[in-house]
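The values are calculated or read from the model by the stated rules, or taken from the named source; none is laboratory data. All of these numbers come straight from a predicted model, not from anything done at the bench. Cβ: placed from backbone, ideal geometry, glycine included. Neighbour counts: every protein chain shown. Calculation scope for accessible area: heavy atoms of the full protein, side chains included, ligands and nucleic acids excluded. Shrake-Rupley method; radii C 1.70, N 1.55, O 1.52, S 1.80 Å.
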Amino acid sequence: MMRDEKEEEGVVIIIREYDPSRDRAGTEAVDRECDVGPTGGMSLHADLLGDPVARIRHSPDYLLLVAETTSGATGGRIIVGIIRGTVKSVATGKSCPGAPAVASVGYILGLRVAPSHRRMGLALRMVRRMEAWFERMGAEYAYMATDKSNEASLRLFTVRCGYSKFRTPSLLVHPVHAHRLRVPRRAAVLRLGARDAERLYDGRFAHVEFFPADIGAVLGNQLSIGTFLAVIDDDGRWRHGEWRGAERFLASPPASWALASLWDCGGVFRLELRGASRLRRAAAAATRALDRAARWMRVPSVPDFFRPFSGWFVYGLGGDGPDAAVAAEALFATFVNMARGRAAAVAVEVAACDPLRRRIPHWRRLSCTEDLWCMKRLGRVGESDGWDWARSPPGLSIFVDPREV
């Protein structure tokens, strides 16, 4: 078992692996203390449904570390920090000739330190312990995601831990209404079987940054709702059984198309927006009532985000052709319509330069265009082969693994 004991400002803090038999309540308490949002305002609370490992347990390899100290009042042990990490093999995007096509990466997420134990170097210790585990697992790189406005997180990773600002994807979110979104009439949307979906991803997207080597496990996961293909079908062929399998599609694809898969985040966590005023809640409820009563009006209603709700995540979005963005719009609108009665919002994360993002329907107030990924190469100085993925230019697309949302 990984264990690290050190005294900080007269307080002995131990970093060790999470023990589900005794640590569940303590880790949940730290998560609650660190809810996202400004003090005194609205905050976004994530309920992991009683399973602190839920956000990482679907990854190939994962670890949850806790920081523990002694309570001065009772003498009992209390948890004051947590950090989660995963390791997997992914595509690097091969941004230059001779660069490796695949690398093993460690992902840091869910770093939390209780307010009472901040500014003691605890976050830095936990990051270093997680990086040590990454290296033992054979990871060549480590990366994390944060908001550009999170100065404390950026200072920790870029200044103290040596990470470089790497990619700036955007999280686009659309609420689910009582009425249906309009799907572009030019597009035909088909649901694919698991084998065809895996073959298409391997055949067309295996080179995309962060494409997972175990894509079959992702698509076959119980939380994966399915994979869908949208084709610009001006002549009507695809609406009348044109699909003849992945191999024929790859050999002779249509002029414009898009592919994406759906993930049910509600099986891992529920979200809740807290701190909203009664007036805000009442106004949102009024929009929902009007939307239900007169769906033909297409009222942009606000879902009930003020009670625990589920969300769906779109992953593996990609396409080709001059009207691929229209096909992507058709997929996303279809997903929002599918989510009625099952989720309150549908989200997708896309690269900053992805040409498909311009047609993806979303609400700006719910979306985040300030996401920032930071990365660094692991290992000792002098071990580099001359190419550093962490300092490479971005590609047009990026694969966001739904297991790490």
Q) Looking only at the range 247-290, which residues are open to solvent by less than 30 Å² (accessible area, probe 1.4 Å), under 17 Å from residue 305 (Cβ atoms) and in a helix (DSSP H, G or I)? A) 265, 266, 284
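Those residues that are at negative phi and assigned to a loop (DSSP other than H, G, I, E, B), I need them from the range 329-354; list them, please.
Across the range 329-354, the qualifying residues are 339, 340, 342, 343, 344, 351, 352, 353, 354.
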Q. Are there any pairs with C-beta distances below 7 angstrom linking a residue in the range 86-101 that is more than 15 Å from residue 394 (Cα to Cα) and modelled with pLDDT of 95 or more to a residue that is part of a loop (DSSP other than H, G, I, E, B) and polar (S, T, N, Q), with the two at least 6 apart or on different chains, and if so which?
A. 86/59; 88/59
**Q.** Some residue of the range 232-246 being modelled with pLDDT under 95, more than 30 Å from residue 106 (Cα to Cα), touching a Pro at 6+ places or on another chain (Cβ under 8 Å) and in a helix (DSSP H, G or I)
**A.** yes
Q. How many residues does the range 353-405 contain that are free of Cβ contacts under 8 Å to residues at least 60 places away in the same chain and either in contact with a helix residue (DSSP H, G or I) (Cβ under 9 Å, 6 or more places away or on another chain) or surrounded by 18 or more Cβ atoms within 10 Å (Cβ to Cβ) (or both)?
A. 4
Q: Could you tell me which residue of the range 335-352 is nearest to residue 238 (Cα to Cα), considering only residues that are open to solvent by 30 Å² or more (accessible area, probe 1.4 Å), touching a residue at least 24 places away in the same chain (Cβ under 8 Å) and more than 18 Å from the chain's Cα centre (by Cα)?
A: 338
Q. If you go through the range 37-48 one residue at a time, do you hit one that is modelled with pLDDT of 75 or more, part of a loop (DSSP other than H, G, I, E, B), touching a strand residue (DSSP E or B) at 6+ places or on another chain (Cβ under 9 Å) and surrounded by 13 or more Cβ atoms within 10 Å (Cβ to Cβ)?
A. yes
Q. Name the pairs: first residue in the range 240-254 and in the same structural domain as residue 321 (by the TED database), second residue surrounded by 11 or more Cβ atoms within 10 Å (Cβ to Cβ) and small (Gly, Ala, Ser), Cβ to Cβ under 6 Å, at least 6 apart or on different chains?
A. 250/203
